[in-house]
Structure formats: C-alpha cells, structure tokens
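J.: Take a look at the following structure, please.
The values are calculated or read from the model by the stated rules, or taken from the named source; none is laboratory data. Note that the structure is predicted; figures quoted are calculated from it, not measured. In this analysis, Cβ positions are derived from the backbone assuming ideal geometry, glycine residues included, and neighbour counts consider all displayed protein chains.
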Amino acid sequence: MDQEAKIKLSHQIMIISGIFSLFVASLLLFNFWHMYKNDPVESKALKAMVEQLSSDPGNEELITEIRNYDLLARKAYFTSVWQVNTGSYLLLFGGLIFALALRINTDLRKKITKPEGSNEKLFPARIKAHRWLLVSGGVIIALSLWAGFGSKNYLKSYSPQEIAALPDEGIEVVQIVEESSPNAIDPETIPETNEAQNEELTEQPESPANPDARVNKIHFGFEDFRKNHNTFRGPFGQGISFHKNIPTNWDATSGKNIRWKVATSKPGYNSPVIWNDKIFISGADKTTRMVSCFNRNNGQLIWEHEVKDIPGSPATPPKTTDDTGLAAPTMAVDGYFVYAIFGTGDIIAFDLDGKRIWARNIGVPVNHYGHSSSLMVWKNKLIVQYDTGKGGRMLALNTETGEAVWDIKRDNLISWSSPVLADVKGKIQIITSADPNVAGYDIETGKELWKIACMMGEVAPSPGYYNGMVYATNEYAILAAIDPSVPSILWENDEYLAEVSSPVAANGILIVATSYGVLVAYDAMTGDKYWEHEFSNGFYSSPMIADGKVYIIDMGGITHIISADKTGKIIGQPELGEDGFALPAFAEGRIYLRTNTSLYCIEEE
Amino acid sequence: MSKKGLSILIVAIIVVIIGIIIIDFIGNNALNRGGNPYEYNVDEYKEVDPSLIHYKETKNIALGDIIPRGMDIFKGDIYITGENFLKVIGIHGVQKLNISLEESGICVLARDEFIIAGLEQEVLIFDHMGKLINSWKPDTETTYITSLAILNNILFVADAGNRRVLKYTTEGNYLGEFEGKSESDDQHGFIIPSPHFDMVVNEFDELWIVNPGKHAIENYNEKGELRGFWASSSMNIEGFTGCCNPAEIAVLSNGSFVTSEKGMVRIKIYSQSGELESVVAAPEKFQEEGTAPDVKVDENDVVYALDFDRKLIRVFEKKLSE
Amino acid sequence: MKKILSRIFLLLLFSFVFFAAQSQQRFPKPEFESGYEQPTPTTPEPRSAGMEWADVFVLLAVLSMASWLAIKKRSRKGMIWLSLFTLIYFGFYREGCICSIGSIQNVALAFFDSGYKLSLTVLAFFLLPLIFALFFGRTFCAGACPLGAIQDLIVINPVSIPSWVRKTLDFFPYVYLGFAILFAATGTDFIICRYDPFVGIFRMNAPYIMILLGVAFLFLGMFFARPYCRVFCPYGVLLNWMSKFSKWHMTISPAECIKCKLCEPSCPFDAIEIPVNEKERTESSVRKNLKRFSFYLVLIPVWILAGGFALSKAHVFLSRANPTVYLAEILITHPELKTDTENLDIQTFLESGKSMQELVEEATLIRNKFRRGGWYLGGFLGLVLGIMIMNQFTMRKQEIYEPHKGNCFSCARCIDYCPVEKKK
Amino acid sequence: MAENKKLDRRDFIQKGARITLGASLAGIGIAAATKASAEKYVWQIDPFKCTQCGRCATDCVKNPSAVKCVHAYDLCGYCDLCGGYFKPGANKLETGAENQLCPTAAIERRFIEEPYFEFIIDEELCIGCGKCVKGCGAFGNGSLHLQIRHDLCDNCNECAIARVCPSDAISRIPASQAYIIKGNFTETQES
C-alpha cells in the first residue's frame, strides 16, 4: 500500500468512526434526556393511578392497568440502564478508533519540515511572562481581598436566644428540680417539704408583703417575657411576638370573632401590654391620668387608678398636639410591677394587683408634640429614653424604688422613638435612635458601647433589631442596616422612609411602613426589595410580626395581615371601624387592639 | 487556524474549564441540592381533622439528660424509670425519690403499698422510701418484660420476648402464664414483632392486653381466657398501622382506651368497643418516625405522654369548650 | 457456653441500644414451626488488602520499567506500550483510584486530622513516584500515570504556544495544589478527586458535568498536549521539584549534542531548552536583568505577606466551601429555611438533635482553621510567585539542546529525533 | 579550570538540593507513616445515623448505586403488614404492583407459615433509594437498612455520597469489618 492509499484509508476510517461515535453519543444524550424527563422508577402516571385506586379499591381493571404499566416502566428502566452501559462501551471503542485513525492520518500527512528555530526572543518573552505573572498574582490577591472584605462572618452574629427551639405557646415547661435542701436527711419528710419549698420558688409571689424580700426576688427572663407581651412592640420591643394561632379575620361592626370589647375611660395612643391574664393600658386627658388593668379573658376591669399626688408633677400639664396627647408612651410590665410614664414626666409603678409602689417625676419634658418614648424593663431596671428639647438623656430606674441607677446625657437632639433591648452575646444592650446617632448602651452602667451618626430630623421610629443587625430609619434621613459590632452601615436605602412607624425584621425580611401608606419588605441582610404594597390609609402604628405574619393597623383602623416572607401575600384586611394608632398585643390565639375609646379582644371561633 | 488563534482558543478553553469547576464547586451546596426523589410520604395520613382533636397540650416536664423507658402516674406523682434509674417526680417537677438501678428499667407500676419496676429480665419491688423489698427473675433467657398490671392481687407481667403473660403473687410466687391462644376462635395468640406489649386494668377490673401484631386490644380474665377483643387496622386515623401497634395503652375512667402508636406517632381515644372517639395528639406534634410515647392517665382523666424522642412528659388536658 | 454467648449478645445489644437509644432493641424472632431457616445477610468482601499491595507492586514495576525505558533503553515505542498498559491497568481496570495525584490530599488530611486513618498503600502511592523522580526524573508522568497516558495518546496536532503564556500558566498548578491541601486539611473536600476529568471515562460512568470536563480536556489535548499535566496537575508541582534535581535524567542525545536543531519541534510540551542566543546577552541587558533580579528578590517577602494577608482575609469566604460552615451560616442568615421541608440538609440537622450552638461552635472552629490555613496558603503562593517572577531574570548559560529537567515528562519522543549515534 | 569549577559548583548545588529534597521526602514519609495504618479502609454507612435521604441512589458514582438495602433477618418481625414492602395505605396485603413500595420491585415476599412472611432483597434490582428502609424503620423493627456493597463499590478516595450525606452517616471503617449490619444476632451465635 502506498502512502496515498494509507492516508485515504485512515481518512475513511476516521470519518466512519467519527460519525459512529457522534451517533452513539447523541443516542446516549437522548437517553439521558429521556430519563431525566420521565423517570420510570418514580413515575408520576403510576402514582396518579395508585391514588385513584385508593378511592376505588375494588377496581380490578385499574389494578391490571397499574400492573401492566409498572411492568412497562421497570422494563424501560432496565433497558435504559443496559443502553447506557452498552452505549458507553461503544462510544469508548468508537472514540479509540477515531483517535487512532486521526493520529495515523496526521502522522502520515506530516511533511518533514525544516526546523523553524525559535523566533522568540528570550528577554522580551521573559519580560512579558513576568508581567503576566504579576497580573495573575495581583488578580488572586485582589479577588481574595474583595472576597474577604465583601463577606460578613455571620457566625459571629449568632446569638443563642433567637434560635432556641420554641415550645408551643400556652404550654408550661417544668424542669425537674433536684433535692437541694441540706437538712433533708429524714426520708420521711423529703417529698412533702421539698415540694412545698420548691413550689414557692417557682411560683414567685406576685406581691411580696415584705419589701425587703423583694430585693432577692428572681427576675423573669426573656423566656417569660415572650410568653407575655410586656412592653411596647412586644418582648424587648423588637416587634416580634412568639405567640401562635393569631386570628386573621374579624369584623368589628358585625362583631365577628370579637370576643369582647370594652370602653376605656381615658383616651391614649399607647398600646396594651399583657402579663398572664392581665392586660394594662394607660390613658389621659387634660386633667386626669389613669392606669387600668383588665382581665384579658373576659374584659372585666380589675382595677383602675388615677395617677396623682406625685411630687414635682406640674399643676397644668405641658401642651401637646392632638395626635400625641399625654398618654402616648406604652407601659411596661415585668411580672411583679407595671410601670407607666406620662407626658408630664410622671412615672408610676403599681403591683399587678393595683397597689401603688412608687411614683416620681423626672422633670417636665420640653417637647413640642408631647413625650412619646415608651418604657422598657429588664431585671431590676426600668429604662426611660428621655430626649427632650434640652437634649438627649436616658435613665435607668430601680424597679423597686424608682431611684435612678444611672442617668446619662446623650449627644443628640430631641426624639420621639423608644428604646429597644437586645441580647448581644449574652449581654443586654439598649439600642436607641435619635438625631444624629443610632447607639447602643450597656444596660448595667449606661455606658455607650457604639454609635453611628446616620439619622436626622425629628426621629420617631424606634430602631429594629434582628439577627445581630440594627435597623433605623426616619423620614428625610435614610433607612440604614447597621452592623453594631463594627459599627458600620451594611446597606442603606432611601426609597421609602417611615415617619412614625418603626421598622421590624424577622424571617430574613425587614418591614418598613410609611405615613403615606406604603408597606415594603427588604431582604434583611442585603437590602434587596422583595415586595411593596400601597394602601389608601397611612401608617402611624408599627408593624409587628407574629405567627409568620406581619400585622399592622393603619390610620383607618384596617389591620393589614401579610405573610412575613418573600411573597408578601395579603392574608387578610379586617376592619375595626375606628381609627387605629396603637399596636396590637398578642396572646395565644388572640389579638388585643386598642383604639382611642375601646379595647378589643379578638379570637377566632 | 493560525498559531495565535489556536493559542487564544487553548487559553479560552482552559479558562472555561476553570470556570466550570469553580461554578460547580460553589453551586453545589446545601441550598440547591433539592429534595428526595424517593421520599417515603405519609403526609396525607398525618393530617387530622382539627374537630377530632379534643385535647390540648398544657404542660411539659423536661426530663433533661436521662434516658427514660417507662412511667406510671399514681396519686398525682409521676413514676418514671429508664437507664438506669427509677424516679418519683411531683407534678411540679420536684424530684421526690431517685433509685439507681443496675440495669435499665423498662416499665413501672405504683400502688399504695409499693412501686414495682420491670427490668428487661427482672421484677423489682420497692417501698415508697426506695428500699428494695423483693425481686425475682422469670427463668427464660429470652424474657423481655414490657408491662405490669395488678388485678385482684395478681401481678401480671407481660413478657414480650416469649409472647406470653406471666402471673405472680405480689410476693413473687409464680401462678401461671398464658399466651393468648384460644380454642374457641382462630386467634393466633399474641403476635409481638417488637418489644411493645402493653396491658392495662380498667376501673371495672377488666384486664386488657394489646395484641400488636393483630392491631387488636383483647380482654382476658385472670385465668388467661380471651373474653373479647376488638381490632382496627388502617393507615387512616380510625385504625392502627405498622407492624406492631398500638404500642402503648391506658384507660380513662369511663373505660375508653388511650392508645399510642409508633411510626406515625399519634395518641387517640377509642371507646371500649373500639370506635374512635377523639384524638389527643396528632402526628404533627411528634417527631417523624418517632417512638410511641408511653401513655398514662391520672384520676382526672388527664393524659400524660412520655415522649422519648424529645425527653419530655407531655400533659394533655381536655379542651374546656368541648 | 450458651450463657457466655448470651452475655456477648447482651453486650452487643447494649452497644446498639447505646447508639439508637430506644428504637432499636434486639428482640427474639418468632418461633417457626414449619422448619423455616433464617438466612444471614450476605457481606461481599471488599477487594483484599493483598490486592492493594499488588497495586503498589505494579506501580513499582511500572515506574522501574519507565525509568529504564527512558534512561537506559531510550525507547519511545516501549514507552507507548507501557503507557497503554498503565491506561488499561490503573485507568480502566482500577478505575483511576487510588492515584498518586489524589493521595496528596490523604497525606495532607492525615497531618491535620489525627482521627484520619491513612492507608500505607496510599502513602506508598504518594511517595514512590516522588522518590523515582528524585533519581530518574518524571518517568511517572511518562509511563505510570493513567491520566498522563490517556492525554499522551491523543496528542494529534500539538501547537507550541508562546513561552510567556506557558510561564504564566505554570503558576496555576501551585494554586490548585495550595487549595487542594487547604480544603483537604480542613476536612472540607477532596477537590482533586472531585474534579479529576478522566476518572469518569475510566469508570465509564459519571455525572454530566464530569463527562463534559473530560471531553473538554480531551478536545483541548489534541492541540495543547497534556493540558491537565501542564496547567492543573498539583502532583506535577511536587514531581517538578524532585525532577529538577534528579540524579539521572533522560537526555535527548545519547552522547554529545551537535546542536542540529532536529529535536526542537519534537517535544509537544515545549520542554526542550534551546541554546540561548548569545547575541542577546549584551552588557546593558545583563545589567538591567541583574537590577530587576535583585529588585524582585527583595520583593519576595512582600509577596509572602501580601498573599498571606489577602488569603487569610478571604477565610470567611473560602470556609463557606465547608458544608458545616455553610449550613451554620444559612441557618443564621435565613432562619425561615427551617420550614423548608425540601431542604434535606437543614431538615436532617434539625432532626439530629444537635443544637445550633454546637453547630456554630464547630463551624467557628473550622473557620478559624481556614484563617490560619489562609496565611499558610497565601504565604506559599506569594513565595512561589515571587520566585517565579524573580526567575524570569536569571541568566543561565544554555549551550546545548536538553530537556528542561523540571517540565520534561520523560516521554522519550525527542530521542527518536536525535541523529547522534550512541558511543560504543 | 574555571569551567570545571563552575560545573563542580553546579553539581554541588544539585547534590545538596537532592539530598535536602530526599531528606524532606523521607521526613514526610516517616511522619505520615506514624499516622498510617496497614489496615485497608472502606466506606460504609452507619445505619443508626442514616436518615434515608435518597442521595445514596442519586449521588453514587456508580449507576445503579453501590448502596443496597440489606435485610437483617434477625431483627425482622416477619409481619404480614410490612411497612417496608407495602405502600402507605396499600390497597390489599398482596404482591400486586399497586401495593408495592419499592420503585424497582426489588423486595420479594414469601409466605412461611401463618402469620409470618419473609422478605428478601434482590440486589440486582435494588437501587439503594432507602424508601423501604424508611418504611421499615417507621412502622417496623428497622431490620431493613442501607449498606455499601463492597463487591460493587469502587472505594473512591472521597465517597461522592459521603460528601452530600446530610447526616454524616458515611465514614471509613477498617476493611476487616467492612459492614455495619444491624443486630447481627446470628453471626454472634455462630462464632
């Protein structure tokens, strides 16, 4: 065979084996695609037939059909397995022949050429190489730096409190208490005495007779707070309720799902707070100020006391606007006492049975709308954010006596926002928002831990706290997501800004409500917008998240209930028929709403 | 193709390969791996009509770091046994007694005079101070004791390993045994594929024994003769499913049965004749494929369920509205 | 006797109970009356350890043979047959596993995870080729590596690409090696095995993406000879170091080189060193080079620090490759995923009874490993890059045609081109 | 002379480098050898950790997977209503395709005696999806469980299933005890 013939032959073999391989490969691909499209092992058609059978168990015809289909499906599956196996061997064989033929073909056709010699100059080539190496090194370093600075270590923002598994609400959790009494030697007496002692400990008397005993009392923790609704915007003021089965449907005019409704004696924009079976509100008009306690199961008034005879209290209350009033701040309850602050600068504490414990005035506020910042309580400290025309100030009062534990000056202007508590790595921080600083304070000492200047104007929205991040906003300023550990602004946005309503974040989303009726949700971490809704009435009240839903009442008294996720589906828009400014308070299966004249309890039947 | 063109092509292919590797590496993570195409799905059977659920969970007693195996409720106290202890706990969580056992306790029964604990192969009797009064072992190697009951001063010991019920006096004297086999019908006797074999004595002094392999609850007299039974086999809420259910039973004061199932864990109430009356807890309340909780009832018909998977005693009370 | 047995059984039972707590109790099976005999579950034995040692022996034999063929026998033909054998034995028969390239990761993991059990056979696979390279050059690549063999066989029309492109690409095996060790040492992943492009072909069964990669490499290999070996192979880095200082290395000419240039186009891997054109070596260029050389020599510590800093900075990002860290982070940033029943990883974690706290602690530990590893990796890459750049300005006399000892695969192609007779 | 010196120096550097490299190689070798074991290791599933996610069927480099269902007869209750054999809520307790849970019908059901049935896995057909394991674990005694079959397993350096196993159930175990069979009662008795 001469050279030409060899070349020709190898060429032909090459083409034939090439076409063969391509053919086998496409068959294989087709097989893969077919299997992907309809997996015979988990056939949908078969499933449907079996489902049909369950509703008609005696259908012999259907049974035969299923059996036949199942046989076919399994045949198809095993045929396909066989096809894949055989196909890959054929492809390997074809590929080998092709490579060999191609190789021989090119070898045969290769003409002996005169070595061209290197036409590359040594030094310029090396200069070029060094330049490109520099570029590669630079690119790697730049990429790593970019990746390093661009990614946040979320492990650090983990705080156990938020992730802890929740027992279903309404279930009391009891831990086994070991015998601890040292004098429990006599086995006869162990059970009874110990039980008695421990029961006393766990039940914790609500009104200790002896004031000295109170000093050693066990303070309720966050776990207890979240079983209740003890402050403005729920436990810690974070806007998240842990209660479940919250109603989504009611109608005040027809009385649908309204468990009870009572008239309040005095108006007030504050929101109700709950401890166990008691619900508390405050109210005020030009002359009198009042704290009321209702049975939250039936709406019965348990006690109501006028707030008076407080040393330092002004004879004529300061001027306030109609949309603030003297009872705008929400009360706080810690399981022992309930605390209220009024636009006069009066703070009063009652025990849960209505006994007055202490009262004082911390100075009449210079405030052209009226004082509105709500109280927070933790352990033995009652936190008062008291930013007035005289400047920023914050106090922690001893819950037993009302004396100041600390009283600090803050370098910010007057504000109307409320403090928020947050458990940051096991330590409780107070987070506040005012012009110009969003700041965090150590609750024990009042020491400023961090601050970042990003607010301006008359700040009324309280900050939101979620997952280690702080969210602050105000109209004409920005919406800022702040990482307090640095501190730095992770992202900001100025598309929708709240005037009064406070932002809330949970489930990875951040909700902001504006006074012109827009409700918008962002990704809490990145600030990407998920959804927005525009409603005809504006929002002064703040959104709360409960049971996976956003609850917010607008100025027309319509409660908008929206799923707290990326979809933002509207679940319900029940009406009260009265203007709504206060926030709802949640309990298991119930929602409590307060208007200027009434208190509602809503429960789905 | 020119040499330069080829070089560019080569570099381009290399870049594409690196790109594919990086994209595949980054893309293959917990967020986009997808679900299980071969999921074993019993979801449709897990849904329970809420109107059937007449009970509400009101209290949990967290057991902490122990491995419980069985419990009894007697006069307001919880008797609980497991690896390797027997404890008495008040309803408020105060531990009143703690006896350590050499082996794991499996079942416990409390009466005024004593506390009886069943180990795998041994019966122990304690007084209420925790002092061991008596103990004995049935003399077979395959014994596996799962339940205890007392009727007319006879102590019935369920031996799941040998598919029989042993009878003793409370002093430990052997009185006899029976395997549930009956001549009058074609019942096979006890079929016990797994160590779940429960007995209970109701207010009317009737001994009811579960035949789990048959999905049946059977009534025996103290001689061990079958007097009656009912069975209910279904994946749906009306029946029992799996190879050995109901795993645990208890009785209410009116004679109705509280049953607890494994696999699809659910606690239900059946009338004495075997009609489903209501549901205490639907499967959604328990871990998937969980162990059947031990169920007991106190004098007020409050249902106590020992949830092994979550290590909780869960208290269910009848909803007030019903 | 029976009693002892039942004790053993009880003990066994106990250990099972320990594992599975409540649900998995041993329980006597029914007593059958029909004489039914219970079958025992079959347990087909794995390939015996003896066979694994046989693999080591075959490797040793193939390495010796390849070295002999390259250095003594000087036969390209023999080398082709040997690589065919390797392809069939280590490739298709042993399905490309275990291979020396992947063994880097096992060795790395053994050093960083005391709980990891390294097999001696794997260690042998790691060491043998390196030892051979130290004495005879990269004869492993020529004859004993199935990945090299499959690529060598499809070199159809190789083009010589400009040296600056090659020198730049030379850096990438180091990056691959560095990351492979980082991921292996942190117990994250074996990326070398995961992205071995040919193992799917050897097994004749692979996920879609691996087949795609394999085909891409084979296609590329027709024009750019041995692309995996030259641009990716992390083991090649180690072999390169060893081979550079090898005692005996294959030569092109059996005797004196006569500089006939005939061998010049014979090497598809551009691994032949060509005599330097002495005319380029002007005094000014030498001085300039020296200046640059010293500049980049001084710069090396800067590279090391910069690299270390940058990659340790990137540890947060890099550690997300670790499934534990990734899981912990998505659970923190997207708590709503806990309700996603389709997400098996999250659901399994939630059901495992492990607390979030433990997961986060574990993840933090791994992340800290990454930070330390980032310093080492960055420092190493910085050092390599610094030396590579500096080396562009070394002045070495090159008078004859000879293989570049580091890059040459000892495939013996060039030998056939040399017209010089062997001295008798 | 100068040439020679230069060559000598080159040789010296080469030799020195070679010895350094050789020594470090030896060092690594010895250090690694102290951590190495002569035992061969193979991948295996711990059935007590396995949660039957289905990835054994989808992620093994082998197709069908080297993971198969293994029946520990010792644990089996020999029930008529087998949670591993029948679909949840099966129409009737018989072997018809409409009642079978296994997608490839790899389980054979044989009658032994009233009321017991034997269930046998056909490994040729089994794809290792673990559906029956889930059913058996939930409603039965958990005698069915998944194991890597070493006659099929390639023993990859890094097991592709182990990488994606959500419950970390797959680990390397000594080849001398290459299986973790549940409740191996019979074998203990024989030994």
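J.: Test B:Leu6 against the stated conditions and say whether it is closer than 30 Å to C:Asp270 by Cα and more than 14 Å from chain D (Cβ to nearest Cβ).
T.: Values: closer than 30 Å to C:Asp270 by Cα: yes; more than 14 Å from chain D (Cβ to nearest Cβ): yes.
Yes, satisfied.
J.: Does B:Leu109 count as within 14 Å of chain D (Cβ to nearest Cβ), of a type in the set (A, V, I, L, M, F, W, C) and either part of a loop (DSSP other than H, G, I, E, B) or within 25 Å of B:Met199 (Cα to Cα) (or both)? It would help to see each step written out before you state the result.
T.: Details: within 14 Å of chain D (Cβ to nearest Cβ): no; of a type in the set (A, V, I, L, M, F, W, C): yes; either part of a loop (DSSP other than H, G, I, E, B) or within 25 Å of B:Met199 (Cα to Cα) (or both): yes.
In short, no.
J.: Further, regarding this structure: Among all residue pairs at least 6 apart or on different chains, which show Cβ distances below 8 Å where the first residue, located in the range D:47-73, is within 9 Å of chain B (Cβ to nearest Cβ) and the second is of a type in the set (Val, Ile, Thr) and assigned to a loop (DSSP other than H, G, I, E, B)?
T.: Correct list of pairs: D:Ala57/D:Ile127.
J.: Right, here's the next one. Is it the case that some residue within the range A:402-413 is crowded, with 17+ Cβ neighbours inside 10 Å, part of a loop (DSSP other than H, G, I, E, B) and in contact with a helix residue (DSSP H, G or I) (Cβ under 7 Å, 6 or more places away or on another chain)?
T.: So far as the range A:402-413 goes, no, none of its residues is crowded, with 17+ Cβ neighbours inside 10 Å, part of a loop (DSSP other than H, G, I, E, B) and in contact with a helix residue (DSSP H, G or I) (Cβ under 7 Å, 6 or more places away or on another chain).
J.: Then there is this: Is it the case that D:Ala169 is more than 30 Å from B:Lys214 (Cα to Cα), among the small types (Gly, Ala, Ser) and surrounded by 22 or more Cβ atoms within 10 Å (Cβ to Cβ)?
T.: Working: more than 30 Å from B:Lys214 (Cα to Cα): yes; among the small types (Gly, Ala, Ser): yes; surrounded by 22 or more Cβ atoms within 10 Å (Cβ to Cβ): yes.
When the stated conditions are applied, D:Ala169 passes them.
J.: All but one of (1) within 50 Å of the chain's Cα centre (by Cα); (2) in a helix (DSSP H, G or I) hold for A:Ser10; state the number of the condition that does not hold.
T.: Among (1) within 50 Å of the chain's Cα centre (by Cα); (2) in a helix (DSSP H, G or I), the lone unmet condition for A:Ser10 is (1).
J.: If you take the residues in the range D:78-91 that are at the interface with chain A (Cβ under 10 Å from one of its Cβ atoms) and in contact with a strand residue (DSSP E or B) (Cβ under 9 Å, 6 or more places away or on another chain), which one is farthest from D:Cys129 (Cα to Cα)?
T.: Checked the range D:78-91; the qualifying residue farthest from D:Cys129 (Cα to Cα) is D:Ala90.
J.: When the range C:280-310 is examined, which residues are found to be facing chain A (nearest Cβ under 10 Å), farther than 30 Å from A:Phe149 by Cα and not β-branched (Val, Ile, Thr)?
T.: Selection gives C:Glu280, C:Arg281, C:Ser285, C:Lys288, C:Asn289, C:Arg292.
J.: Evaluate the following for C:Lys369: is it at pLDDT below 90 and either among the basic types (Lys, Arg) or part of a loop (DSSP other than H, G, I, E, B) (or both)?
T.: Values: at pLDDT below 90: no; either among the basic types (Lys, Arg) or part of a loop (DSSP other than H, G, I, E, B) (or both): yes.
Against the criterion (at pLDDT below 90 and either among the basic types (Lys, Arg) or part of a loop (DSSP other than H, G, I, E, B) (or both)), C:Lys369 does not qualify.
J.: Could you tell me which of the residues D:Lys49, D:Lys40, D:Lys35 is within 13 Å of the chain's Cα centre (by Cα), surrounded by 15 or more Cβ atoms within 10 Å (Cβ to Cβ) and farther than 30 Å from A:Phe32 by Cβ? Walk me through it before giving the result.
T.: On the way: D:Lys40 fails: within 13 Å of the chain's Cα centre (by Cα); D:Lys35 fails: within 13 Å of the chain's Cα centre (by Cα).
The match here is D:Lys49.
J.: Between a first residue in the range D:10-25 that is closer than 16 Å to C:Ile131 by Cα and among the charged types (D, E, K, R) and a second residue that is in a helix (DSSP H, G or I) and at pLDDT 90 or above, which pairs have beta carbons less than 8 Å apart while being 6 or more apart in sequence or on different chains?
T.: Pairs found: D:Arg18/C:Leu134.
J.: How do the strands (runs of 3 or more DSSP E) wholly within the range D:109-187 filter down when requiring 3 or more residues that are assigned by TED's automatic domain parsing to the domain that holds D:Pro88, within 17 Å of the chain's Cα centre (by Cα) and closer than 30 Å to D:Asn99 by Cα: which remain?
T.: Working: elements: D:116-121, D:144-148, D:170-174.
By residue number, D:144-148.
J.: Taking the range B:11-50, which residues are touching a helix residue (DSSP H, G or I) at 6+ places or on another chain (Cβ under 6 Å) and part of a helix (DSSP H, G or I)?
T.: Those that are touching a helix residue (DSSP H, G or I) at 6+ places or on another chain (Cβ under 6 Å) and part of a helix (DSSP H, G or I): B:Ile13, B:Ile14, B:Ile17, B:Asp24, B:Lys46.
J.: Any residue that is free of Cβ contacts under 8 Å to residues at least 24 places away in the same chain and either in a strand (DSSP E or B) or within 24 Å of the chain's Cα centre (by Cα) (or both) - is there at least one of those in the range A:530-546?
T.: Quick first cut of the range A:530-546, residues free of Cβ contacts under 8 Å to residues at least 24 places away in the same chain only: A:534, A:536-537.
Now narrow it down to the ones that are either in a strand (DSSP E or B) or within 24 Å of the chain's Cα centre (by Cα) (or both): A:534.
Yes: the range A:530-546 contains one or more residues that are free of Cβ contacts under 8 Å to residues at least 24 places away in the same chain and either in a strand (DSSP E or B) or within 24 Å of the chain's Cα centre (by Cα) (or both).
J.: A further question on this structure: Can you work out which of the residues in the range A:432-459 that are under 22 Å from the mean Cα position of the chain (by Cα) and polar (S, T, N, Q) is surrounded by the most Cβ atoms within 10 Å (Cβ to Cβ)?
T.: A:Ser433
J.: Restricting attention to the range C:352-365, which residues are surrounded by fewer than 20 Cβ atoms within 10 Å (Cβ to Cβ), assigned to a helix (DSSP H, G or I) and more than 7 Å from every other protein chain (Cβ to nearest Cβ)?
T.: Once the filter is applied, which keeps residues that are surrounded by fewer than 20 Cβ atoms within 10 Å (Cβ to Cβ), assigned to a helix (DSSP H, G or I) and more than 7 Å from every other protein chain (Cβ to nearest Cβ), the range C:352-365 yields C:Glu358, C:Glu361, C:Glu362, C:Leu365.
J.: Filter the range C:43-75 down to the residues that are in contact (Cβ under 8 Å) with a residue 40 or more places away in the chain and either at positive phi or not in a helix (DSSP H, G or I) (or both) and list them by number.
T.: C:Arg74, C:Ser75
J.: I'd like to check something: does the range A:192-206 contain any residue that is in contact with a helix residue (DSSP H, G or I) (Cβ under 9 Å, 6 or more places away or on another chain) and either exposed (fewer than 15 other Cβ atoms within 10 Å of the Cβ) or at pLDDT 85 or above (or both)?
T.: yes
J.: Looking only at the range B:58-97, which residues are outside any strand (DSSP E or B) and either of a type in the set (Lys, Arg) or at pLDDT 90 or above (or both)? Can you show your working first?
T.: To start, the set of residues in the range B:58-97 that are outside any strand (DSSP E or B) comprises B:63-66, B:75-76, B:84, B:91-93.
If the condition is that a residue be outside any strand (DSSP E or B) and either of a type in the set (Lys, Arg) or at pLDDT 90 or above (or both), then B:Lys75 is the only one that fits.
J.: Still on this model: Tell me which helices (runs of 4 or more DSSP H) are completely within the range C:104-209 and hold 3 or more residues being surrounded by 19 or more Cβ atoms within 10 Å (Cβ to Cβ) and touching a Ser or Thr at 6+ places or on another chain (Cβ under 8 Å), or say none if there are none.
T.: Values: elements: C:120-136, C:146-153, C:163-169, C:172-185, C:191-194, C:199-203.
In the range C:104-209, C:120-136, C:146-153 are the helices (runs of 4 or more DSSP H) which contain 3 or more residues that are surrounded by 19 or more Cβ atoms within 10 Å (Cβ to Cβ) and touching a Ser or Thr at 6+ places or on another chain (Cβ under 8 Å).
J.: Just need a number here: residues in the range C:311-351 that are in contact with a Ser or Thr (Cβ under 6 Å, 6 or more places away or on another chain), under 13 Å from C:Ala363 (Cβ atoms) and either in a helix (DSSP H, G or I) or facing chain A (nearest Cβ under 7 Å) (or both).
T.: Going through the range C:311-351 one residue at a time, the tally reaches 3.
J.: Moving on to the next point. Can you find a residue in the range C:258-277 that is farther than 30 Å from C:Gln398 by Cβ, within 8 Å of chain A (Cβ to nearest Cβ) and not in a helix (DSSP H, G or I)? Spell out the reasoning first.
T.: So in the range C:258-277, the residues farther than 30 Å from C:Gln398 by Cβ come out as none.
Within the range C:258-277, none of the residues are farther than 30 Å from C:Gln398 by Cβ, within 8 Å of chain A (Cβ to nearest Cβ) and not in a helix (DSSP H, G or I).
J.: Counting just the residues of the range B:26-70 that are surrounded by 16 or more Cβ atoms within 10 Å (Cβ to Cβ) and small (Gly, Ala, Ser), which one comes out farthest from D:Ala160 (Cα to Cα)?
T.: Per the criteria, the residue is B:Gly70.
J.: Hey, another quick one. Name the single residue that is surrounded by the most Cβ atoms within 10 Å (Cβ to Cβ) among those in the range C:94-103 being within 7 Å of chain D (Cβ to nearest Cβ) and in a loop (DSSP other than H, G, I, E, B). Working first, answer last.
T.: Start the filter on the range C:94-103 by keeping residues that are within 7 Å of chain D (Cβ to nearest Cβ), which leaves C:95, C:97-98, C:102.
If we keep only those that are in a loop (DSSP other than H, G, I, E, B) too, we end up with C:95, C:97-98.
Details: C:Glu95: 22, C:Cys97: 19, C:Ile98: 25.
In this case the residue turns out to be C:Ile98.
J.: Next question, about the same structure. Given the criteria in contact (Cβ under 8 Å) with a residue 40 or more places away in the chain, farther than 22 Å from D:Gly142 by Cβ and away from chain D (no Cβ under 14 Å), does B:Leu312 qualify?
T.: Details: in contact (Cβ under 8 Å) with a residue 40 or more places away in the chain: yes; farther than 22 Å from D:Gly142 by Cβ: yes; away from chain D (no Cβ under 14 Å): yes.
Yes, satisfied.
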